[in-house]
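Report on one structure; see the data block that follows.
Bear in mind that the values in this text are calculations on the coordinates, not laboratory data. Computed from a prediction, not measured in an experiment: that's the story for all the values here. Reconstructed Cβ throughout: ideal geometry from the backbone, glycine too, with neighbour counts over all protein chains shown.
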Amino acid sequence: MSSSTAKASVRNPHGAKQSHRRQSSKLPPSGKTAPSFTAAVLTVSDSCAGGERVDLSGPAVAATLKQSGFRIAATQTVPDDSIQIQHALTRLAAGARFVVTTGGTGIAPRDVTPEAALAVCERLLEGVAERMRFAGAKKTPFAVLSRGVCGVRGTSLILNLPGSPKGAVESLRAVLDLIPHALNLLDGKTEHS
């Protein structure tokens, strides 16, 4: 039997067993159909941008997005510089519906990703960032030190994730089921089921 079909036995109205095949689809963890949106991943790291360290977080985030049905339109790495981050966010949001950053969300002096995102976003979605921190706090008390934000620029969403590969992927997974609905709302699709 193929992985896309499952055999099920049911009884007909007369009590006899009948077999039939039903389609089973591979769904994202949320149980909803995979979105068909574009995404971009921006790694914010002085050491990765300078070639001193290999970026592990950006590829991990991109892989998670791909597994959830997003098409990766672009990836980029920039140093922890607010102006460079702002320029990258503006450019990436013009070509992708969901722009995800990884890195620069802590409280170190060079952690400026949230400020850069705030400078280019028109509106904030505070609840998305709160949900990430809430989910993260169940695993580590340090999750509340992340200052990442989620905001709207045009019809795109910008989401800041922590810099560690594990923290970035866990934070993304905590909110990924919300993103397709939010992007549909930004498209003006406001019908409620």
How about Lys166: which aspartates and glutamates have a C-alpha closer than 16 Å to its C-alpha, ignoring those fewer than 8 places off in the same chain? Asp55
Once the Cβ-Cβ distance between Arg53 and Lys166 is put in as r, and R0 is 22 Å, what FRET efficiency do you end up with, to the nearest 0.05? 0.85
Post the alpha-carbon centroid distance, the stretch 122-191 to the stretch 101-120, in whole angstrom. 14 Å
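When a footprinting reagent is the concern and you count Cβ atoms within 10 Å, what order do Ile107, Ile83, Ile179 take, fewest first?
Ile107, Ile83, Ile179
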